[in-house]
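Novice: Before we start, here is the structure in question, set down as structure tokens.
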Amino acid sequence: MLNLANLVEEVQIACCRRIKLKNGDFADENLTMIELDIKETLKRLVGELKKSPEKVFDALKNRTVDLVFTAHPTQSVHRSLLEKHGRIRNCLTQLYAKDITPDDRQELDEALQREITKER
């Protein structure tokens, strides 16, 4: 179910971005949210925790981030499941189309239900 929720979210984000690009809105909402989170965190460090901006800066400037990639057996995905996710993603993308007819919507809903309920 979590994989399906992620698929829906991916398709929805892609659809919203396409609409924004068509409307000439090139702002990236993800970057804006990250900037707001960082700004709020820094405000909290300075305000609530009574740290000077210099102390916060000094503490942050010497930090490093090391990424570690690990493979876990439960995260391996069979090709058949990847193909199923591709079919679900395709149905969801078509459902977001503006010019979809009620009959097409019904067919896509049924196709989604079949893909979600059938075994790999």
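The values are calculated or read from the model by the stated rules, or taken from the named source; none is laboratory data. Predicted, not measured: the structure shown is a model, and the values here were computed from it. Cβ atoms come from the backbone with ideal geometry, glycine included; neighbour counts cover every protein chain shown. These area figures cover heavy atoms from the full protein model, side chains too; ligands, DNA and RNA do not enter into them. Shrake-Rupley method; radii C 1.70, N 1.55, O 1.52, S 1.80 Å.
Novice: How big is the accessible area of LEU21 in square angstrom, nearest 10, if you roll a 1.4 angstrom probe over the protein chains?
Specialist: 100 Å²
Novice: Let me ask another. Could you state the principal axis extents of the C-alpha atoms in region 38-120, from the largest down, to the nearest angstrom?
Specialist: 62, 37, 18
Novice: Also: If you take the beta carbon distance between GLU83 and ASP103 as r and set R0 to 25 Å, what does 1/(1 + (r/R0)^6) give as a FRET efficiency, to the nearest 0.05?
Specialist: 0.45
Novice: Show which lysines lie in cross-link reach of LYS55 when reach means a straight Cα distance below 21 angstrom and same-chain residues fewer than eight apart are skipped.
Specialist: Correct list for LYS55: LYS39, LYS43.
Novice: Calculate, for PHE69 and THR93, the FRET efficiency according to 1/(1 + (r/R0)^6) with r their C-beta to C-beta distance and R0 41 Å; round to the nearest 0.05.
Specialist: Result of the calculation: an efficiency of 0.90.
Novice: Heavy-atom accessible area per residue, region 39-120, 1.4 Å probe: how many Å²?
Specialist: 89 Å²
Novice: Along Cα→Cβ, 7 Å out, is where each label goes; now give me the distance between the ones at ASP58 and THR117 in nm to one decimal.
Specialist: That separation, rounded to one decimal, is 6.5 nm.
Novice: Let's test the formula: R0 of 35 Å, r as the Cβ-Cβ distance of LEU7 and ASP37. What FRET efficiency results, to the nearest 0.05?
Specialist: Rounded to the nearest 0.05, the efficiency is 0.90.
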